[in-house]
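Novice: So that we are looking at the same thing, I have put the structure below in structure tokens.
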Amino acid sequence: AANLIGANVGLTLLVGIPIAVAAWYVGVMLVSRFLGARVNVPVSDVIFGEVQDGRKETGNGEQAEGTSWRAPSFGTVLTLLLIPLVLISFNTVLSTLVETGVLAEGQDWVGFLSLIGITPVALMITVIAAILVLGRPNASMATVGKIVDEALGPVCSIILITGAGGMFGGVLELSGIGDALSGSLSDLGISLILQAFIIATLLRVAQGSATVALTTTGGLMAGAVA
């Protein structure tokens, strides 16, 4: 979505983090506490299966040894989540400092940090860190490799959904619907940011996928944003 409207991914993350934290606190934590006090769902059993006689019952009815696995600490999980955010922020912040003349252009350390801050590189580093921190201490590399292999299916489906959503948004943009919709909302005195939020929300409610809603809205709003 950021690429479709020509936004900087790192800057989008830096601006989006406080918004995401506030939305999570109100929309997830407070709501979950309210619902959790009234509805009991054994989340550990839903995710990991029930442990019976030292063996773990999985979702598809199979049993696997589960006693050797231990839950990672909150600090470990938080650190892994922050790795890509920090690395991608390096790229954005350093690029800005170079453009404004604060840092001299062509320095090796700036180039290195900018390289590891490129989104695919930062995510690859995070995957490797997760394998070393979460996977290897709990299982053999063969088991870790199997887990990584099984993750390719969901990843491919996400890429397919993202591509389809972006293509759908591109078709709507070329058809002129995006400009017409944005123009109509602008006539009502609605700002671009609020327009994007309204369109994305309606698309999310209509078809259920946040990914498709975001990428489609990005395509719809690209012309107006430019």
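Novice: In segment 197-215, how many are in contact (Cβ under 8 Å) with a residue 60 or more places away in the chain and touching a Ser or Thr at 6+ places or on another chain (Cβ under 7 Å)?
Specialist: Kept after step one, since they are in contact (Cβ under 8 Å) with a residue 60 or more places away in the chain, are these residues of segment 197-215: 214-215.
Going one step further and asking which of them are touching a Ser or Thr at 6+ places or on another chain (Cβ under 7 Å), we end up with 215.
Of the residues in segment 197-215, 1 are in contact (Cβ under 8 Å) with a residue 60 or more places away in the chain and touching a Ser or Thr at 6+ places or on another chain (Cβ under 7 Å).
Novice: For the structure I just gave you, tell me whether Thr79 is open to solvent by 70 Å² or more (accessible area, probe 1.4 Å), β-branched (Val, Ile, Thr) and at pLDDT 90 or above. Full working, then the answer.
Specialist: Working: open to solvent by 70 Å² or more (accessible area, probe 1.4 Å): yes; β-branched (Val, Ile, Thr): yes; at pLDDT 90 or above: yes.
The answer is yes for Thr79.
Novice: Now a separate question. Return yes when Ser95 is modelled with pLDDT of 80 or more, polar (S, T, N, Q), surrounded by 11 or more Cβ atoms within 10 Å (Cβ to Cβ) and within 23 Å of Ile125 (Cα to Cα) and no when it is not. Break it down into steps so the answer makes sense when it comes.
Specialist: Working: modelled with pLDDT of 80 or more: yes; polar (S, T, N, Q): yes; surrounded by 11 or more Cβ atoms within 10 Å (Cβ to Cβ): yes; within 23 Å of Ile125 (Cα to Cα): yes.
In short, yes.
Novice: Any residue in segment 206-220 that is open to solvent by 60 Å² or more (accessible area, probe 1.4 Å) and more than 20 Å from Ala7 (Cα to Cα)? Break it down into steps so the answer makes sense when it comes.
Specialist: Within segment 206-220, the first condition is being open to solvent by 60 Å² or more (accessible area, probe 1.4 Å), and the residues that meet it are 206-207, 214.
Checking the rest, the ones that are also more than 20 Å from Ala7 (Cα to Cα) come to 206-207.
Yes - at least one qualifying residue is present in segment 206-220.
The values are calculated or read from the model by the stated rules, or taken from the named source; none is laboratory data. Here the structure is a predicted model, which is why all the values come from computation and not from measurement. Cβ atoms come from the backbone with ideal geometry, glycine included; neighbour counts cover every protein chain shown. The area values use the complete protein model at the heavy-atom level, side chains included, leaving out ligands, DNA and RNA. Shrake-Rupley method; radii C 1.70, N 1.55, O 1.52, S 1.80 Å.
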